[in-house]
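So the structure is just underneath, and the comments pick up after that.
The values are calculated or read from the model by the stated rules, or taken from the named source; none is laboratory data. For clarity, every value in this text was computed on a predicted model and none was experimentally measured. Glycine also receives a Cβ, built like all others from the backbone with ideal geometry; neighbour counts cover every protein chain displayed. Only protein heavy atoms, including side chains, enter the accessible area calculation; ligands, DNA and RNA are left aside. Shrake-Rupley method; radii C 1.70, N 1.55, O 1.52, S 1.80 Å.
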Amino acid sequence: MENAQVLILEDDEDLRNLLMTIIETAGYTAVGFDDGADALVHLSGAEPHAIVLDMLMPHAKVDGFAFLARLSGTSSSAIPVVIMSGLSNEISEALAPDVAKTLRIAAILPKPVAYTALIEELKRVIRPGKPQPEYN
């Protein structure tokens, strides 16, 4: 989808900038934040087509876990989320399928993230006129 916006929530500035460049090179608009609190403020006035979310952000006021909790029940909870984390296996095991579906988690990718896999997931979840995929 042309001009689709992807929100990136990643506390590592170099990685966030790299992800933004890769996502923009793939034809999307990218907006990045290093704290879930700032990303939530952004979501009050914008609705991106997908969210790329780092779960562990030790210096953030609102990390990935708290971000997901605050996102739940809002109009933004319909936005598909691609999680990337060094704890991808643990997160996959801990998330009950109904919780993952409610939170619109489309994928959980291990860190370091394979950029081609990230772009493929974004292509899968950002499709005009297609129903959004469930967590797999």
- [ ] Quick one: order S77, S44, S72, S85 from most to least accessible surface, probe 1.4 Å.
- [x] S44, S72, S77, S85
TODO: Mind grabbing the accessible area of T116 for me, 1.4 Å probe, Å², rounded to tens?
DONE: 110 Å²
- [ ] Leaving ligands, DNA and RNA out of it, rank M20, M57 by accessible area with a 1.4 Å probe, largest first.
- [x] M20, M57
TODO: May I ask you to evaluate 6.51 cos²θ - 1.76 cosθ + 1.60, the Karplus curve with θ = phi - 60°, for each residue of the range 37-48 and list the ³J(HN,Hα) values in order in whole Hz, giving x for glycine and proline?
DONE: 4, 5, 5, 5, 4, 4, 5, 6, x, 8, 10, x
- [ ] For V52, enumerate residues with amide H under 5 Å from its amide H, sequence gap 5+ or separate chain, H modeled in the peptide plane.
- [x] L7, I8, L9, V82
TODO: Could you look at the range 1-79 and say what percent of its accessible area is carbon and sulfur, using a 1.4 Å probe and all protein chains?
DONE: 49 percent
- [ ] Net charge near T74: determine it from the other residues with C-beta under 15 Å of the C-beta of T74, scoring Lys and Arg +1 and Asp and Glu -1.
- [x] +1
Task: From phi via Karplus (6.51, -1.76, 1.60), per-residue ³J(HN,Hα) for the range 112-120 in Hz, x at Gly/Pro - done: x, 6, 7, 5, 5, 5, 4, 5, 4
Open item on the list: Show me the trypsin sites (Lys or Arg not before Pro) within the range 10-84 that DSSP assigns to loop and that have at most 14 other Cβ atoms within 10 Å of their Cβ.
Closed with: K61
Open item on the list: Give me the one-decimal nm value for the distance between modelled label points at E24 and I119, 7 Å along each residue's Cα-to-Cβ direction.
Closed with: 1.5 nm
